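The values are calculated or read from the model by the stated rules, or taken from the named source; none is laboratory data. Predicted model, so just to flag it, every value in this text is computed and none were measured. Here the Cβ positions follow ideal geometry from the backbone for every residue, glycine too, while neighbour counts run over all protein chains shown. Calculation scope for accessible area: heavy atoms of the full protein, side chains included, ligands and nucleic acids excluded. Shrake-Rupley method; radii C 1.70, N 1.55, O 1.52, S 1.80 Å.
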Amino acid sequence: MAGTEAERWGSRLTGMVVIIAFLVMASFYALAKENLDQKVLTEGDETHYVMRLSKSQGQPGRRVGHYHVWPDMKLGWKIVVGAIIGFFGAAFGSVGGVGGGGIFVPMLTLIIGFDQKSSTALSKFMIMGGAAATVFYNLRQRHPTLELPIIDYDLALLFQPMLVLGISIGVSFNVIFADWMITILLIIVFMVMSTKAFLKGVETWKKETITKKEAALRLQSNGVSNDQAVEVKPLPEGPSTGGTRTEETKDSKRPEVSILENIYWKELGILVAVWVIILALQIAKNYTKTCSALYWVLNLLQIPVAAGVSLYEAVSLYKGRRVIASMGGADKKWKVHQLVLYCAGGIVAGIVGGLLGLGGGFILGPLFLEMGIPPQVSSATATFAMTFSSSMSVVEYYLLKRFPVPYALYFCAVAIIAAFVGQHVVTKVIAILGRASLIIFVLAGTIFVSAISLGGVGVVHMVEKIEHKERLGFESLCTY
């Protein structure tokens, strides 16, 4: 009966979310349309534009190329408002483990005035800065209930190589798929993920409420006064061993340790090696002719590198040689279909991230929560994996000269400061309230806002292409 009631409320919530999203998106569309209509190419602005002409010059019904719009960097209301929005986007994105790209791209496009492709590249730079700052902050933090680092390196080994491989595939799909297809996919995926994350947050909030009440009753029955140092930690969602306790005195475990103690060097070395090898293959691919034999060889070489590491981790988990200890149970028996499904989830997260120009945290965060990973560990590990993928994109964009360096450094600094502030504030709030479910609500809210903002911008571009009678079908990767 309870399950039926929960499903009914879930359906109602989904319907309300969709209705509100489209109402807000309509107003967002009007704002974006007005902004884009003001971008007219004039002779005085020629120094701020770089035109890349395509081979389709002279073809009727097609635009001859796209424009890179790089506004002058000068102090004004645009850069101030952009910095404020970027600050909150990076703060919430770092807390939720999603990066904040869904907020950065519309801000850079509609407020600062960059074109879509340059905004995507700058967004990756901001995501990298915020993710790196968050990882540095988390390197001193410990698991909320276990004597472990808050970053789960075994979980990262299972997902990060697949994430990087998926991003490479997603970037190619971004070239092939039409903009309207990407926009519809974005809205559907983000709405589903935000709704699931919100429902997971409600479920976790209820569990935390029950845990706090039970802890208070035990304290009263034992005659323990409120001024004694007893802290109720959030329960891990995964299976727990019989000896695991959720009540700990303040001296029973260390909330922070030295950075060196929290780093698992072997696992980190493997992840860095995967990053270096795939980045080298990507850079080499950019200097080859598209669709040539060497181009495809360099593309296919990424598969054994990424799949080999994830397969090694999956086999080790299956045979019990390694464990995902952050789930709270070292005796978990993994099934083959579970491991295959999770590896596929990593690839899907990467494909969606590469296709939409975002970090994979939008998919990994909710996926980790569904696996039963505690919210703090889910956010920290998703951000850790996202650091590798975003930095890889930044290096490629830099070599291709896709963004102005001064703007990139400025907004990256904003993202770094925001990430530190966001992590510090949420850590204090969770310690005071004892509710890690706040992280899940931040995750759901960030995904929802990203769906509205990116969806609105996507609808604007789709309408603009229809007005100019541009091609709306699939594109050829080999003629891009």
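At a glance:
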| quantity | calculated |
| --- | --- |
| Share of carbon and sulfur in the accessible heavy-atom surface of the range 108-185 [1.4 Å probe, %] | 74 percent |
| In sequence order, calculated HN-Hα J values of the range 464-474 (Karplus, 6.51, -1.76, 1.60; Hz; x Gly/Pro) | 4, 5, 5, 5, 8, 6, 7, 5, 10, x, 5 |
| Contact order normalised by residue count of the range 64-152, Cα under 8 Å, 6+ apart, percent | 26 percent |
| Where the range 79-129 is the region considered: accessible area per residue in Å², 1.4 Å probe | 20 Å² |
| Protein accessible area in the range 280-365, 1.4 Å probe - carbon and sulfur % | 70 percent |
| Highest-first arrangement of 81-90, 340-349, where packing means the average Cβ count within 10 Å | 81-90, 340-349 |
| Whole-Hz couplings from phi, Karplus 6.51/-1.76/1.60, listed for the range 370-382; x for Gly and Pro | 5, 6, x, 6, x, x, 4, 6, 4, 5, 5, 6, 4 |
| Highest average packing first - 468-477, 404-413, Cβ atoms within 10 Å | 404-413, 468-477 |
| Amide H partners (placed H, <5 Å) of Val98, local residues excluded | none |
| Amide hydrogen neighbours beyond the local backbone of Arg142, cut-off 5 Å, H modeled | Ile150 |
| The range 263-400 - accessible surface per residue (Å², probe 1.4 Å) | 40 Å² |
| Distant-in-sequence amide H partners of Gly359 (H built 1.01 Å from N, under 5 Å) | Gly101 |
| Virtual spin-label span in nm between Glu261 and Ile184, 7 Å along Cα→Cβ | 5.5 nm |
